[in-house]
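Enquirer: Please see the structure below; I have some questions.
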Amino acid sequence: MREKEYSLRHPNSVLETVSENYFRSRLPPAWLTDKPVDFGIDFIVTPVINDQVLGLSFSVQLKAQRVSGNQPRVRHKKSTLNYFFTRTYPAMVILYDVNKQTYWKWILPNDFDLNKPVISQPVSFTKTHWQNCRFWLVWES
């Protein structure tokens with residue numbers, strides 16, 4: 001009897017699911033998350049502080065990869081950066097490393113030269129951006 005063949009799940013798809021689960025597990029339980037069908041936005045996060053929904057939301061783009069080297073980085077297309085900067089919510093990029101180390105950084109227009117004739121630009125992370133994904137401490141202080 002011949003064995004049945006089934007579709008295979010690509011490792012990148014598994015890594016994406018793992019990173020999303022990890023991200024959600026690091027948020028305070030009261031915070032609200034929405035996973036929109038959107039270009040370049042993985043989550044809309046709304047903080048809840050002292051049981052109050054503040055109405056201050058932000059966008060998250062979650063990147064998952066194996067980090068190598070001393071300075072973790074991801075790349076964003078210029079079109080994606082332009083999209084982030086025209087939205088009403090601020091945007092944050094979170095880099096999930098397969099070793100469960102997480103880096104986060106706000107995406108700010110002053111950090112990029114959008115007039116450069118390039119397709120994409122790097123977002124570099126330093127040790128100060130590593131907080132085990134505890135960026136919400138900024139909101140609670």
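Enquirer: Could you list, in sequence order, all residues of region 11-44 that are in a strand (DSSP E or B) and closer than 19 Å to THR80 by Cα?
Expert: Selection gives PHE43, ILE44.
Enquirer: Restricting attention to region 8-66, and to residues there that are among the hydroxyl-bearing types (Ser, Thr, Tyr) and more than 16 Å from VAL93 (Cα to Cα), which single residue is modelled with the highest pLDDT?
Expert: Filtering region 8-66 for residues that are among the hydroxyl-bearing types (Ser, Thr, Tyr) and more than 16 Å from VAL93 (Cα to Cα), the one modelled with the highest pLDDT comes out as THR17.
Enquirer: So TRP31 passes all but one of these: (1) over 15 Å from the mean Cα position of the chain (by Cα); (2) touching a residue at least 60 places away in the same chain (Cβ under 8 Å); (3) closer than 18 Å to SER124 by Cα. Which condition number does it fail?
Expert: Looking at each condition in turn, TRP31 falls short on (3).
Enquirer: Exactly one condition in (1) on the phi < 0 side of the Ramachandran plot; (2) free of Cβ contacts under 8 Å to residues at least 60 places away in the same chain is not met by ASN50; state its number.
Expert: All conditions pass for ASN50, except number (1).
Enquirer: Checking the structure you have, find out if any residue of region 52-71 is in a strand (DSSP E or B) and farther than 26 Å from PRO109 by Cβ.
Expert: Yes, that holds for at least one residue.
Enquirer: Which one is farthest from LEU27 (Cα to Cα) among residues in region 86-98 that are modelled with pLDDT under 90 and either surrounded by fewer than 12 Cβ atoms within 10 Å (Cβ to Cβ) or aromatic (Phe, Trp, Tyr) (or both)?
Expert: Looking at the filtered set, the residue picked out is THR88.
Enquirer: If I ask for residues that are surrounded by fewer than 18 Cβ atoms within 10 Å (Cβ to Cβ) and either closer than 15 Å to PHE85 by Cβ or in contact with a Ser or Thr (Cβ under 7 Å, 6 or more places away or on another chain) (or both), which ones from region 99-115 would you list?
Expert: Of everything in region 99-115, those that are surrounded by fewer than 18 Cβ atoms within 10 Å (Cβ to Cβ) and either closer than 15 Å to PHE85 by Cβ or in contact with a Ser or Thr (Cβ under 7 Å, 6 or more places away or on another chain) (or both) turn out to be TRP106, LEU108, PRO109, ASN110, ASP111, ASP113, LEU114, ASN115.
Enquirer: For GLY69, which of the numbered conditions (1) without any contact (Cβ under 8 Å) to a residue 60 or more places away in the chain; (2) under 25 Å from VAL118 (Cβ atoms); (3) out of contact with any Pro (no Cβ under 8 Å at 6 or more places or on another chain); (4) buried (at least 16 other Cβ atoms within 10 Å of the Cβ) fails to hold?
Expert: Here GLY69 meets the rest and fails (4).
Enquirer: How about region 111-141: which of its residues are at pLDDT below 75, among the polar types (S, T, N, Q) and farther than 18 Å from GLN71 by Cα?
Expert: Result: SER141, single match.
Enquirer: If you don't mind, there's one more thing I want to ask. Filter region 86-104 for residues that are under 16 Å from SER57 (Cβ atoms), over 10 Å from the mean Cα position of the chain (by Cα) and in contact (Cβ under 8 Å) with a residue 24 or more places away in the chain and give the result.
Expert: ARG87, TYR89, PRO90, listed by residue number.
The values are calculated or read from the model by the stated rules, or taken from the named source; none is laboratory data. The structure displayed is predicted, hence computed values, not measured ones. In this analysis, Cβ positions are derived from the backbone assuming ideal geometry, glycine residues included, and neighbour counts consider all displayed protein chains.
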